[in-house]
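Structure, as structure tokens:
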Amino acid sequence: MSKVWNVLFLCTGNSARSVMSEGILNHLGKGRFKAYSAGSHPSGKVRPEALKQLERVGISTEGLRSKSWDEFAGPDAPHMDFIFTVCGNAAKEVCPVWPGHPATAHWGVDDPAAVEGPPEDIARAFSDAFMVLESRIRLLLALPLEELERMELEQKLHEIGRS
């Protein structure tokens with residue numbers, strides 16, 4: 001049986017980008033990955049536009065919620081193999097010390113929740129963010145994780161974040 005890789009996507013509010021990332025990876029990872037998301041200052045609710053975007057492409061939104069990264073820093077939390085920050089604020093914050101020292105990278109994506117204007121502009125912003133995240137997650141899925149040394153792996157993860 002092959003290893004299941006645990007991944008935590010972080011953002012400040014845990015209401016859009018990190019939640020979409022969680023949904024995308026759990027959908028595309030097909031049991032090879034288990035994704036989670038959290039925020040340093042969670043908003044307490046997921047943006048409806050993020051949920052609509054996931055549903056529009058056939059990704060389940062069941063169980064997705066806005067939560068604090070404190071849930072993943074305690075002794076009973078799942079061990080993380082990877083942690084990705086998907087917004088600029090979370091990348092600059094002092095993160096908890098994660099048990100096991102997971103590989104980390106910043107995969108910054110423009111905040112679709114910050115877009116104002118007509119509903120179609122907001123929907124387009126969520127769609128654009130989704131496409132960037134999905135592309136990066138597909139690149140992660142294509143990596144031969146078991147074959148890469150730690151430094152090479154972290155370099156590739158950072159390269160994905162610049163794609």
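The values are calculated or read from the model by the stated rules, or taken from the named source; none is laboratory data. Please read these numbers as outputs of a predicted model, since none were measured by experiment. Heads up, the Cβs are rebuilt from the backbone with ideal geometry, glycines too, and the neighbour counts pull from every protein chain shown.
Brief remarks follow.
- Residues within the range 134-151 that are modelled with pLDDT of 95 or more and assigned to a helix (DSSP H, G or I), tallied: 9
- Breaking point among (1) modelled with pLDDT of 95 or more; (2) out of contact with any helix residue (DSSP H, G or I) (no Cβ under 8 Å at 6 or more places or on another chain); (3) buried (at least 16 other Cβ atoms within 10 Å of the Cβ), for M131: (3)
- Of the helices (runs of 4 or more DSSP H) that lie entirely inside the range 1-120, those containing 2 or more residues that are at pLDDT 90 or above span 17-28, 48-56.
- Residues that are in contact with a helix residue (DSSP H, G or I) (Cβ under 6 Å, 6 or more places away or on another chain) and buried (at least 23 other Cβ atoms within 10 Å of the Cβ) were ranked within the range 37-52; the one that is farthest from L139 (Cα to Cα) is V46.
- Identity of the residue in the range 105-128, under 27 Å from M80 (Cβ atoms) and aliphatic (A, V, I, L, M), that ends up surrounded by the most Cβ atoms within 10 Å (Cβ to Cβ): V109
- Among the residues of the range 8-18, those identified as buried (at least 24 other Cβ atoms within 10 Å of the Cβ) and touching a strand residue (DSSP E or B) at 6+ places or on another chain (Cβ under 7 Å) are L8, F9, L10, C11, N14, R17, S18.
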